[in-house]
Amino acid sequence: MADKADEKAKENRLRVFRAEGAQALEDVANEAIAIRKNMARLRELRLAKEAAAIREQIAAGNVPKGKKAISADEGGWAFCAPLCTVARCRSRPHRSSNFAHLAVQ
């Protein structure tokens, strides 16, 4: 008799744990959705603010400067495959400032 009561209690505990686990997963998923929506809202606000600032500069007669492209010679990403003798970086791009391992002649 005690064994059946213990089994029934164990089954009830497992049922409750499963239900709570499913609810916890649903809560986490809902929270992740809310975070993504908030991030999208904030991104839109930031882009609108930046656009308004650029419009103000144009209205004032100042031409806003664009972002300068960085070439490989200025610290951009580049391949050193033809020159490099280090096996680990033959096919991976890395900053040209990290070419110290190359033999400079």
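A few comments on the model shown:
- Taken about its Cα centre, region 1-65 carries a charge dipole of roughly 360 debye when the Cβ of each Lys and Arg holds +1 and the Cβ of each Asp and Glu holds -1.
- Theoretical FRET efficiency, 1/(1+(r/R0)^6), r = Cβ-Cβ of GLU31 and ALA51, R0 25 Å, to 0.05: 0.25
- Semi-axes of the equivalent ellipsoid for region 1-65, computed as √(5λ) from the eigenvalues of its C-alpha gyration tensor and ordered from largest down, come to 61, 6, 4 Å.
- Virtual spin-label span in nm between ARG41 and ALA5, 7 Å along Cα→Cβ: 5.3 nm
Values quoted throughout were computed directly from the atomic coordinates according to the rules given, and no laboratory measurement underlies them. Because the structure is a prediction, the values reported are computed rather than measured. Here Cβ is always computed from backbone atoms with ideal geometry, including for glycine, and neighbour counts include all displayed protein chains.
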